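Q: This is the structure I have questions about; it appears just below.
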Amino acid sequence: MNHKTKKFSKVADGKTTETSLQIVASIDDLLMQILKRVPIKPLIRFKLVSKHWNYLISSPKFYRLRNPNPNPAAGLFFECSTVNPRYKYVPFSLNKSTNILPFIEEPSNIRILESCNGLLLCYSFDVAVDNDGRYFVYNPTVNKLLKLPKLYEGDGILERVLGMSLAFDPSKSPHYKVVCVRGLIPCFRPFKRQFEVYSSETGGSWRKCGEPFVSKVNFQDGGVYWNGAIHWISHRGKYSLYFNPEDDEMPQVMPKLPISNDSSSTSGYYFGESCGHLHYVEILMPLPLFRFNVYEMRRDYSEWFVKYQIDDSPVVETPFGTSQDDFDVIESYWYYDLSVVSITTLVRGEKDENSFLVLLFPGKGIIRYNFVHMTCETIYEFENDEDRFALKNAFQYIESFF
């Protein structure tokens, strides 16, 4: 019997027999079908088996196979101290416990600026180490912290960073981009801005991207990555902008939000992305009425439309009592002008009945509010005075093995 390795050959009808390349491809497909069922912790360890396994697991094809639908957030990182920031992880699942986010080789005074599909953009400032701040990209799933190169310093560029945002889509690439917004000299009206981009794929230094532009957007409010671009909204939707770091096109303006210009009619807002949807949520006045409008942007940027509306319950029953009770509690403190409730994030499920808002009740705890069932569930109750009123910034946690 001939046991020689199969080679290229042709049969009588002219068809080529199966090649070794096709055999390897079929084995890879089978391997990925097996690996997609492996929990994320051992899956990360499997990347160390070989370079080929690392390549397969890190490929966008495998990510799409493992996550045919966009991967929703599993919880939130809350900043729970302002002097020496530390972050408490609060899962959305009711049967999981909270813990403190462990930064590996933690730089001093590190702060999270924003999250994007499993990666966190962070900033650290330590005069003893550096005269200026440094930026990092951190993956909390694999506990990996990468330092970004120093920003470009040259004539005509202000040292001050106006905004920094992260662009990462694991369904398209295992690489990420970081977009920095800086001012240009001379500093007189109209103030000109300049985008600079760092790519993890090419590494190296930052590069200027696009031409200088003029905008009244407050970039310090933070950008939101969606639909291949980073989006900014400020001044209650009065000013907006979006920019695609993959090209050098000028930034574009989003359609105007269909909301009132009267700031007294709202007490807060939330702007964010979940599972491929871009949202703007406004909290309506007067308090203590429990009223929200949830707007969603169409993918072609034609308009904002109302996705959800919570406007039919003057007093909502929560695990902490009613919204009227919470209003009375907040009024009793010197910072009574805080909202009775603030929105920390909006999570979209595959179906509307799986979508929910995460709401922070100052002094009491955190709940999830289901849009369809109009029900509230407690996911975290404050345990001590440190957490009771210190929690403020919240950042989505999404599992990522990149």
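The values are calculated or read from the model by the stated rules, or taken from the named source; none is laboratory data. All values derive from a computational prediction rather than experimental measurement. Positions of Cβ are backbone-derived with ideal geometry, glycine not excepted, and every protein chain shown enters the neighbour counts. Just so you know, the surface numbers come from the protein's heavy atoms only, side chains and all, with ligands and any DNA or RNA stripped out. Shrake-Rupley method; radii C 1.70, N 1.55, O 1.52, S 1.80 Å.
Q: What pairs come out if I take residues in the range 27-44 that are within 14 Å of residue 68 (Cα to Cα) and in a helix (DSSP H, G or I) and pair them with residues that are among the hydrophobic types (A, V, I, L, M, F, W, C) and open to solvent by 30 Å² or more (accessible area, probe 1.4 Å) whose C-beta lies under 8 Å away, six or more apart or interchain?
A: Here the result reads 32/65; 33/65, each pair linking the range 27-44 to a residue that is among the hydrophobic types (A, V, I, L, M, F, W, C) and open to solvent by 30 Å² or more (accessible area, probe 1.4 Å).
Q: Which residues, counting only those in the range 177-222, are closer than 24 Å to residue 396 by Cα and in contact with a Cys (Cβ under 6 Å, 6 or more places away or on another chain)?
A: If the condition is that a residue be closer than 24 Å to residue 396 by Cα and in contact with a Cys (Cβ under 6 Å, 6 or more places away or on another chain), then 197 is the only one that fits.
Q: Scan the range 185-226 residue by residue and report those that are part of a strand (DSSP E or B), of a type in the set (Gly, Ala, Ser) and at pLDDT 90 or above.
A: Passing the criteria: only 199.
Q: Step by step: first the residues of the range 211-252, then only those that are out of contact with any Ser or Thr (no Cβ under 8 Å at 6 or more places or on another chain) and at positive phi, then the one that is most open to solvent (accessible area, probe 1.4 Å). Which residue is that?
A: This residue is 235.
Q: Tell me, yes or no, whether the range 159-166 has at least one residue that is assigned by TED's automatic domain parsing to the domain that holds residue 241, at pLDDT below 85 and open to solvent by 20 Å² or more (accessible area, probe 1.4 Å).
A: Yes.
Q: Could you check the range 119-133 and list, in sequence order, the residues that are surrounded by 13 or more Cβ atoms within 10 Å (Cβ to Cβ) and either modelled with pLDDT under 85 or in contact with a Pro (Cβ under 7 Å, 6 or more places away or on another chain) (or both)?
A: 120, 124, 125, 126, 133
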